[in-house]
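First comes the structure, then the notes that go with it.
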């Protein structure tokens, strides 16, 4: 990681930390590093920093390191960390906000599959008004340049009646209303 002047980093990045606090409604400065969030997190095995370490790094102004970390993308938003926090810090919301900031700042090195999955999910909901599993899987596999991934499961699922030969989704009754929601969000620029 190299040498880092923490006092300078903290001063330079104070406005970023203040923005995270305002956006999430969680004053991360209240964290006293009990690590209960990390102790309950089911994704720590794949993280480069534990959730409490991410909070500490933010407190120290190490914004670039946080935004480049794998941790914010591994977070499953299961809210275990938030539930366990004795200081009422919404750690999951902080991770979510950090993902948005990482995208905004162009730090998406560890995010390609997560973004592809989110976009595939949103495509199916926008198109059909609901989740269409097979369609989402096909779009995700194409976006990640792995079109044959999971094909070994197709025939056994068809044989057991779990998936039709040609999966064609049906639209829900409120599909038009769902499209209107997407259009409104797009208009608002979110």
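The rows are residues; the columns are (1) surrounded by 15 or more Cβ atoms within 10 Å (Cβ to Cβ); (2) farther than 30 Å from residue 141 by Cβ; (3) touching a helix residue (DSSP H, G or I) at 6+ places or on another chain (Cβ under 9 Å); (4) modelled with pLDDT under 95.
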site: 22; (1), (2), (3), (4): no, yes, no, yes
site: 30; (1), (2), (3), (4): no, yes, no, yes
site: 50; (1), (2), (3), (4): yes, yes, yes, no
site: 74; (1), (2), (3), (4): yes, no, yes, yes
site: 81; (1), (2), (3), (4): yes, yes, yes, no
site: 100; (1), (2), (3), (4): no, no, yes, yes
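Looking at 148, 136, 57, just one residue is within 24 Å of residue 42 (Cβ to Cβ), assigned by TED's automatic domain parsing to the domain that holds residue 172 and without any contact (Cβ under 8 Å) to a residue 24 or more places away in the chain, and that residue is 136.
Can we say residue 62 is in contact with a helix residue (DSSP H, G or I) (Cβ under 8 Å, 6 or more places away or on another chain), at pLDDT below 95 and crowded, with 19+ Cβ neighbours inside 10 Å? Spell out the reasoning first.
On the way: in contact with a helix residue (DSSP H, G or I) (Cβ under 8 Å, 6 or more places away or on another chain): yes; at pLDDT below 95: yes; crowded, with 19+ Cβ neighbours inside 10 Å: yes.
Against the criterion (in contact with a helix residue (DSSP H, G or I) (Cβ under 8 Å, 6 or more places away or on another chain), at pLDDT below 95 and crowded, with 19+ Cβ neighbours inside 10 Å), residue 62 qualifies.
In the range 123-164, the residue that is nearest to the chain's Cα centre (by Cα) out of those that are closer than 23 Å to residue 181 by Cβ and in a loop (DSSP other than H, G, I, E, B) is 131.
So for the range 163-181 (the condition being under 23 Å from residue 113 (Cα atoms) and surrounded by 13 or more Cβ atoms within 10 Å (Cβ to Cβ)), does at least one residue qualify? Spell out the reasoning first.
To start, the set of residues in the range 163-181 that are under 23 Å from residue 113 (Cα atoms) comprises none.
No, the range 163-181 contains no residue that is under 23 Å from residue 113 (Cα atoms) and surrounded by 13 or more Cβ atoms within 10 Å (Cβ to Cβ).
For the range 102-120, residues that are in contact with a helix residue (DSSP H, G or I) (Cβ under 9 Å, 6 or more places away or on another chain), more than 17 Å from residue 23 (Cβ to Cβ) and assigned to a helix (DSSP H, G or I) total 8.
The values are calculated or read from the model by the stated rules, or taken from the named source; none is laboratory data. Remember, it's a predicted structure, so these values are computed and weren't measured experimentally. Neighbour counts are summed over all protein chains in view; Cβ atoms, including those assigned to glycine, are modelled from backbone coordinates with ideal geometry.
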